[in-house]
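What follows is one structure encoded as structure tokens, with my remarks underneath.
Quick note: the coordinates plus some simple rules give every number you see, no bench work behind them. What you see is a predicted model; the values in this text were computed from it and never measured. Cβ sites come from the backbone with ideal geometry, for glycine too, and all protein chains shown count toward neighbours.
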Amino acid sequence: MKRRIITFLTDFGRKDHYVASMKGVILGINPACTLVDISHEVRPHDIREGALTLANAYSYFPKGTIHLAVVDPGVGSSRKPVLFMTKDYFFLGPDNGVLSLAAEKDGVKKAIVLSNRNFFRPSVSSTFHGRDIFAPVAGYLSTGIKPESLGRIVRSWVKFDFGKPWIVKGDLVGEIFHIDAFGNMVTNVSQQDLNRFAKKRAIVISIGKREIRGLKKSYWEARKRELLALIGSGEFLEISVREGDAQKVLKCRRSDRVRIRLQN
């Protein structure tokens with residue numbers, strides 16, 4: 001058996017049997033594979049958070065890793081189960097956008113709708129495709145079967161749109177699209193967006209009723225409990241509070257606006 005790595009990303013939490021059941025199915029097919037948890041604490045049904053978490057983690061694994069992501073509010077519906085073969089990885093899960101950000105970032109070579117029931121569990125529950133479809137497919141894929149044997153190739157898939165920042169009256173306007181466990185607020189303004197807008201000129205960031213002048217390189221540059229802005233590890237503009245919770249301080253939510261202007 002091959003010692004392929006399979007990662008897990010779900011919104012199942014740790015209380016119930018769901019994650020263990022999926023791992024059991026995979027190990028029953030390939031006991032030699034290595035199973036790694038990315039996260040099981042994605043907010044229930046939150047495809048956006050799952051997509052972002054996967055996109056931030058996938059590239060740090062060895063080439064050939066199988067990334068299995070199940071955030072699937074449409075389980076049992078007409079949404080398709082899909083496998084993406086990319087430049088360096090495999091991405092497996094529901095075709096609802098949770099995979100597309102990471103897969104397209106790595107470069108999709110083929111997309112396959114899983115339709116060959118020979119690679120599913122004999123009985124498929126309409127509420128637990130993670131166990132009955134995705135886990136066995138991941139197990140068989142880790143043994144080295146040809147991906148093309150799993151189903152049919154498709155040319156289109158569901159894409160999750162995080163939106164791009166836009167220009168309003170000369171200012172760059174973005175929005176908060178993720179709040180992490182520390183209360184750091186991640187915006188959809190990338191480092192490239194900011195560089196193109198500011199061209200090394202000083203900036204002022206407005207969020208809620210507060211303003212932040214310039215960027216810090218890291219949290220330590222701010223005073224304790226000070227509000228700051230920086231480019232985070234995912235290369236997006238983040239609003240943070242040193243040793244504090246920016247979301248609680250600002251009382252902001254996802255989709256709230258962030259405005260960046262050039263300092264006079």
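The table below gives the values:
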read-out	value
Those residues of the stretch 245-260 which are in contact with a Lys or Arg (Cβ under 9 Å, 6 or more places away or on another chain) and crowded, with 16+ Cβ neighbours inside 10 Å, in sequence order	Gln247, Val249, Leu250
Cβ pairs under 9 Å, 6+ apart, first in the stretch 71-86 and within 24 Å of Ile145 (Cβ to Cβ) and without any contact (Cβ under 8 Å) to a residue 24 or more places away in the chain, second surrounded by fewer than 17 Cβ atoms within 10 Å (Cβ to Cβ) and charged (D, E, K, R)	Thr86/Glu104; Thr86/Lys105; Thr86/Lys109; Thr86/Lys110
Residues of the stretch 121-179 that turn out to be over 22 Å from Lys109 (Cα atoms) and of a type in the set (Lys, Arg), as a count	4
Strands (runs of 3 or more DSSP E) fully within the stretch 169-260 counting 2 or more residues that are touching a residue at least 60 places away in the same chain (Cβ under 8 Å) and hydrophobic (A, V, I, L, M, F, W, C)	171-179, 185-190, 236-241
Selection within the stretch 84-99 - among the polar types (S, T, N, Q) and part of a loop (DSSP other than H, G, I, E, B)	Asn96
Residues that are in contact (Cβ under 8 Å) with a residue 60 or more places away in the chain and over 21 Å from Thr7 (Cα atoms), drawn from the stretch 105-153	Gly151
Residues that are among the hydrophobic types (A, V, I, L, M, F, W, C) and not in a helix (DSSP H, G or I), drawn from the stretch 138-168	Ile145, Ile153, Val154, Trp157, Val158, Phe160, Phe162, Trp166, Ile167, Val168
